[in-house]
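Okay, structure first, notes after.
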Amino acid sequence: MTEHETRPPSAQDAGNSQGTPSSWNATGQSVPIEEQETCGMALLPLQNTKSPAIVVRNLSKVFQHRSARIPALRDLSFQVQRGEFVVLTGPAGTGKSVLLRVLGCLTQPSHGDYWLAAKTMSRMSAAELADIRNQHIGFVFEEPTLLPGVSALDNVALPLLYAGFARVEQERRAQTLLQFVGLETRTRQRPAQLSTWQQHRVALARALVNNPFLLLADEPVGRLDRRGRLEILAFLQALQQRGLTIVLATREAELACYATRQITLRAGRIEHDAPVPTRRIAINELASAGFTGSDNGDGSQRETLSIRIQEEFL
Amino acid sequence: MRRPVVSQPIGVREQEAVRSSIGSRHSGHRSVGRLSASLRGALQALYVYRMRSFMTASGSFFGTVVATVAMIGIASVQALSNESRSIRLVILLCGCCAVLALLVGSFLCTRSMLAGVSERASEMSMRRGVGARGSDIGYQVMMEVLLLSGLGTAVGLVPGLLVGAGMIVLLQLTPVVNPVLILGVCCGSLIAAASGGIYPALRAARMEPWKRGVRASAGSNSLSDPWR
């Protein structure tokens, strides 16, 4: 399947002081911030912390498969404020993952505009999008997708390698993040030596190591048991309390009660978009279910994730 | 060379300040260049996919062995200072053998790296997803090819020279080793491997970030059959 890529109308972007890709020069390389300021380019919207995290306007995505045009997203418009925890729900094939790919700068929309922190993403080149992903977006998927044969520490440090950090700094940050997810004793182990649950946490640490502005999760708890799900949800809720914007796509509508807002998609359109009326707090459920210590209930032990956040990081 | 990076510690409190000001990053300096990031990726891959690396290096190895023997043959026959037609034919045949061997070596490199790229689609797609540009992945594949073919060429020179020496002794020729011809074999082998690596590198560079269907659990850590 090849993507049908058409650029949004230039009139919408050209000269748009809010949205022009001012921090990127003609050769596709980013300009240091001091240079931009001396150039007098439009940086104010980026520094305005009150601007929404995500603004999507008339966004469509069409895939072209031979002669057939398959619309995945049709004319979506919405905003996500900073610090919101949004759950995208809907049956399979309604465009949740496609929307997440567009929001995550993995692909460009066919039509319409997308601003991330008041910076337009709709006209950026693939290399610029890679830099945006590298510095501002974290991804979590159903599968951990780690580098085989490479230690957990190096796996977590991978985004920092492409960001250009020195080796010492990479290791220091990766170590902090592994401690954050409760794996500080496992830094030298390879993925094959870690359990699935531990691999998920390494992937979570990798998503957070670049200090992201936006965390995108596509079915992050699909393969986990009840305790693992609650721990990951508690972790996400804790991150959201600290100001991280989170967008989570899932088929399971019941996960929406842990978020602050639910957007339901149907056939590529928004069917329902409303704040979650009664929000469930995953950490309380963990406690009431008896998942409080490292004891698994059946005599086995496991490392905990959410308890650590509660005690040390909140 | 490139963009500034956030260089504060990743303390919990500081994160919010950074996060709230996307685009207004503190200017740091890029201490690691793009190429060294690709080199690190290449070195990791050479270790993790040892069997695949061995296959790629063996392409250059065989090419170098055959080409070295052929070059020693050419040098020794030339030393006869006999301008007969048969001598010229032998030189031509030896030259053809050398070129053919290098071409076959190049093909083996391409074949092995192409299989490697599809085998490692999950890795490449993940690297693209966490912020590697297409060019970073392309350079990584080229570096893998160059490192491996360099190794294969260096190791291949030894048996090549030994077999060449044995041939000279058997044919009772005057032993002549022309260093220019040997240097030519090394350069030819590297150039052949590099040109063979271009297509796999382009394929790898075009990998879609976080591609669906290739994101897999790395837990199995399986090295699939390199003869596939």
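The values are calculated or read from the model by the stated rules, or taken from the named source; none is laboratory data. Only a predicted model underlies this, so the values are computations on that prediction, with no experimental measurement involved. Here the Cβ positions follow ideal geometry from the backbone for every residue, glycine too, while neighbour counts run over all protein chains shown. For the accessible areas, the whole protein counts, side chains as well, though only heavy atoms, and no ligand, DNA or RNA atoms are used. Shrake-Rupley method; radii C 1.70, N 1.55, O 1.52, S 1.80 Å.
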query = With Cβ to Cβ distances under 15 Å as the rule, what net charge do the other residues near B:GLY152 carry (K, R +1; D, E -1)?
reply = +2
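Taking a probe of 1.4 Å and counting only protein heavy atoms, give the total accessible area buried between chains B and A in Å², rounded to the nearest 100. Mind showing how you got there, number by number?
Numbers: alone 13630 and 14790 Å², together 22870 Å².
Using a 1.4 Å probe on protein heavy atoms, the buried area is about 5600 Å².
Can you work out the accessible area per residue across segment A:145-225, with the rest of the protein chains kept in place, probe 1.4 Å, in square angstrom? Intermediate results must be reported in sequence, preceding the final value.
Details: 2150 Å² over 81 residues.
Here the residues of segment A:145-225 average 27 Å² of exposed surface.
In Å, what Kirkwood hydrodynamic radius results for segment B:49-154 from the alpha-carbon pair distances? Please report the intermediate quantities before stating the final value.
On the way: mean 1/r = 0.0637 Å⁻¹.
Answer for segment B:49-154: a Kirkwood hydrodynamic radius of 15.7 Å.
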request  = First select every other residue whose beta carbon is under 15 angstrom from the beta carbon of A:THR264; then total the charges, Lys and Arg +1, Asp and Glu -1.
outcome  = +2
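With a ≥ b ≥ c taken as the square roots of the eigenvalues of the C-alpha gyration tensor of segment A:193-260, please select rounded if a/c is under 1.5 and otherwise prolate if a/b is larger than b/c or oblate if it is not? All intermediate terms of the calculation are to be shown ahead of the outcome.
On the way: a/c = 1.76, a/b = 1.06, b/c = 1.65.
Since a/c reaches 1.5 but b/c is at least a/b, the shape of segment A:193-260 is classed as oblate.
I need the per residue convex hull volume for segment B:84-123, using only the alpha carbons, in cubic angstrom as a whole number. Please report the intermediate quantities before stating the final value.
Working: hull volume 1.1 nm³, N = 40.
So the per-residue hull volume is 27 Å³.
How much net charge surrounds A:ASN155 when only the other residues with a Cβ under 10 Å from the Cβ of A:ASN155 are counted, with Lys and Arg +1 and Asp and Glu -1? Numbers along the way, then the final one.
Numbers: positive: A:ARG190, A:ARG206; negative: A:ASP154.
Local net charge: +1.
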Segment A:170-297, dipole about Cα centre (Lys/Arg Cβ +1, Asp/Glu Cβ -1), debye to the nearest 20 = 300 debye
query = Relative contact order (percent) for segment A:150-286, with alpha-carbon contacts under 8 angstrom and 6 or more residues of separation?
reply = 20 percent
ask   = Which ³J(HN,Hα) values in Hz, rounded to whole numbers, follow from the phi angles of segment B:69-74 under the Karplus curve 6.51 cos²θ - 1.76 cosθ + 1.60, where θ = phi - 60° and Gly and Pro get x?
value = 4, 4, 5, 4, x, 4
request  = Between the alpha-carbon centers of segment B:66-102 and segment A:224-256, tell me the distance in whole angstrom.
outcome  = 71 Å
request  = Collect residues whose amide H, placed 1.01 Å from N in the peptide plane, falls under 5 Å from the amide H of A:LEU265; neighbours closer than 5 in sequence don't count.
outcome  = A:THR89, A:GLY90, A:GLU271
